[in-house]
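*Asks:* Input: one structure, supplied below.
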Amino acid sequence: MTSRLQELADNVRDSERNVEQFKQQNNLVGAGKRLINDQQLEELTTQLTLARSVTTEQKGRVDQIERLMKADADPDTIAEAIQSPTVSALRAQFAELVRQEASASALLGDRHPEIAVLRQRRKQHQQLITDELKRTAAAARNDYARAVANENALAANLETLKSKVQLSGGAMVRLRELERVVEANRAIYEVSLVRTKELNEQEGIDTANTRVIAEALPPNRPTMPRRALVLAALVVGLIAGASWVLLRRYRRPAQAFRYE
């Protein structure tokens, strides 16, 4: 059993070594029972789905900004659409300057020097708002371009990885065969190991505390059948036979008398 157990252990070790060598030769590296290529394929698919959603969102944002700017929409509407706090702050300052200009014009007149200063500041804020809108629109276009580039790169990597996975399909068939050989050898080895341990436990049982009560001798006469039973049966048989003969003898004269 020990020799056979060592042979089975060698078979398990050799089959496991064959599996590892085959993986290295065919670049089938994995964690657990999954290959890295399969994990990367799943991750790239998820990343590409997210990248496409980001691209769609950025494209919608650029289209909305360009549509509002071409239509000369209110800067407040554009600021809300592009979610720019800078434009919102500039618009609040611009509204305050307009209010101050109107109040000063009503009190001091249109030709007062302070009115001219307020008008100049209002124009400057107007230009700042326009420049910020252009900068934000350019930033949105850049974000959209980066999203498109990222999506294209992920799509190219996914196609390349798909080609690798398809090429490794034949190698995976052979790998599964080798893994089944490993599982079979391991199962046989484990059964033999358990059996060997059981035999070792049985050999280790202590029999020193046993003692002979009496020596086993052959019987001097047969135990079956018993003589008493045989004699009793013989006597019963003789009595029954004699009784039957007597009955036959006494019944014959009666029958002869009746016939006469």
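*Asks:* Which of the lysines could a cross-linker bridge to K70, judged by Cα under 17 Å and excluding same-chain residues fewer than eight apart?
*Replies:* Within reach: K59, K134.
*Asks:* Moving on to the next point. Just subtract the alpha-carbon distance of E16 and Q93 from 0.36 nm times their residue separation and send over the number in nm, one decimal.
*Replies:* Here the answer is 20.2 nm.
*Asks:* Still on this structure: Each label point is 7 Å from the Cα along the Cα-to-Cβ direction; what then is the distance between the points at M1 and M172, in nm?
*Replies:* Here the modelled spin labels are 4.3 nm apart.
*Asks:* 7 Å from Cα along Cα→Cβ at both I239 and L107: what's the point-to-point distance in nm?
*Replies:* For I239 paired with L107, the spin-label model returns 15.6 nm.
*Asks:* Over segment 89-147, what lengths in whole Å, largest first, do the semi-axes of the equivalent ellipsoid take, defined as the square roots of 5 times the eigenvalues of the alpha-carbon gyration tensor?
*Replies:* Value: 35, 9, 5 Å, ordered largest first.
A short reminder: the numbers here are calculations on the coordinates, not readings from a lab. Computed from a predicted model, the values in this text were never measured in an experiment. We place every Cβ from the backbone using ideal geometry, glycine too, and count neighbours over all the protein chains shown.
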